[in-house]
Amino acid sequence: MEAFLHNTTLAILVMAVALLVDTVWGEPPAGWHPVVWIGHFLGWAGTWVAPAAQQITPRMDVRAFARGALAWLAGAVVVAGLAWGAAALLARLPVWAHVLCLGLILKPLMAWRMLREEVMAVEQALSDSLHAGRKRLGWLCSRDVHILDATQVRETAIETLAENLNDSVIAPLFWFAVAGLPGATLYRFANTADAMWGYPGNRAGRSWTWAGKWAARADDVLSWVPARLTAVLLVLVAGRLWLPGLRSEAVRTPSPNGGWPMGAMALLLGVRLGKPDVYMLYCAGRNVLPEDTEHACHLSKRAVGLGLFVCGVLAGMAHA
């Protein structure tokens, strides 16, 4: 019990430092941001991983998949190894310095303030004009925003908030709790690789259908538990124990994970959320309204706070 309490307290303090730094200062400069470094590696490796679109043959597909897997594994070993080394060095410091430094290193692996501000910026831009709202949403997601009406722009912003509540906050905290700094770093690497490599099709003259398949599946695996935890956290902070119909809503999306936090958000707000011609969540709900964006941010903020303590308990259990 003593070890459990010690590890729980230590993990909560480290994560609290990371969230406090995030709240006060936001993201570090790009030159100091480890996710930016990961992106540079993935961009460089991607020119070797993905074949030119005009060269695609069955044999090239196999080769592209193998290269994608090898490059992903090589990058994962490097980032996890560096994180393990940093954590080992910090463990030699006095407890207060260990907590402070580990929290500072954990911070860039999660981004709650930026997510919340960007979602609210879309709502603010929509109040000016549909064109401004579409343009601001384009900074936040990869959809073709030019075909979206005002309701769909607002839906997409709330969906992005819900999905990235997992990807950018809860999942890094979960993996930090389970596997320390290497776990959080590995998750951030996997999530960034999925964003850059995981979407099938041709981009910039290269085919990613098979080249990014390993990255996509790896992210699915690592996000499986955190995505469902995120949905549960949203339900709990809304004062509910469970949401009837959540499971059926969650499976409507192509992603095996994104539908859980998005479905929970749709049901809790009582609104329809969807991607045109792809899926619709909670069809019986009403259209989203401007106040729903703020409500969604409020629920997400409370879920982050509860997630901090839940992940602290998980850390105590994992390392006791």
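Every number here is computed from the coordinates shown, using simple stated rules; none is lab data. In this text the structure is predicted, and so the values were computed from the model without any measurement. Note that each Cβ is placed from the backbone with ideal geometry, even for glycine, and that neighbours are counted across all protein chains shown.
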Give or take rounding to whole Å, what are the principal axis extents of the alpha carbon atoms in the chain, in descending order? 55, 53, 36
For residue 135, counting only aspartates and glutamates whose alpha-carbon sits under 14 Å away and dropping same-chain residues fewer than eight positions off, the answer is 118, 123, 144, 149
At 0.36 nm per residue, minus the direct Cα-Cα distance, what do residue 127 and residue 302 gain on full extension? Give it in nm, one decimal, please. 60.4 nm
Net length gained if the chain between residue 248 and residue 33 were fully extended (0.36 nm per residue, minus Cα distance): 73.6 nm
Computed curve, the stretch 120-226, Cα-only Debye sum without solvent term, log₁₀ I(q)/I(0) at 0.17 Å⁻¹, is -0.89
Given 308-317, 29-38, the highest-first ranking by average Cβ count within 10 Å works out to 308-317, 29-38
Based on the Cα gyration tensor of the stretch 178-320, what are the three equivalent ellipsoid semi-axes, each the root of five times an eigenvalue, rounded to whole Å and given largest first? 26, 24, 12
For the stretch 41-176, rounded, prolate or oblate, judged on the Cα gyration tensor with a ≥ b ≥ c (square roots of eigenvalues), a/c < 1.5 rounded, else prolate if a/b > b/c? oblate
Taking the Cα centre of the chain as origin, work out the dipole magnitude from +1 charges on Lys and Arg Cβ and -1 charges on Asp and Glu Cβ, in debye rounded to 20. 600
Average the reciprocal distances over every distinct pair of alpha-carbons in the stretch 49-103, invert the result, and give the Kirkwood radius in Å. 14.0
How big is the stretch 243-285 along each principal axis, measuring the range of its Cα positions in Å and listing the largest first? 21, 18, 13
For the chain, set up a Gaussian network in which alpha carbons nearer than 10 Å are linked by springs, and say which option among 14, 271, 221 fluctuates the most. 221
Set the bar at 27 Å for Cα to Cα. Now go through 107/301; 107/275; 213/275 and name every pair that lies beyond it. 107/275
Over the chain, what is the relative contact order in percent, taking alpha-carbon pairs closer than 8 angstrom and at least six residues apart? 25
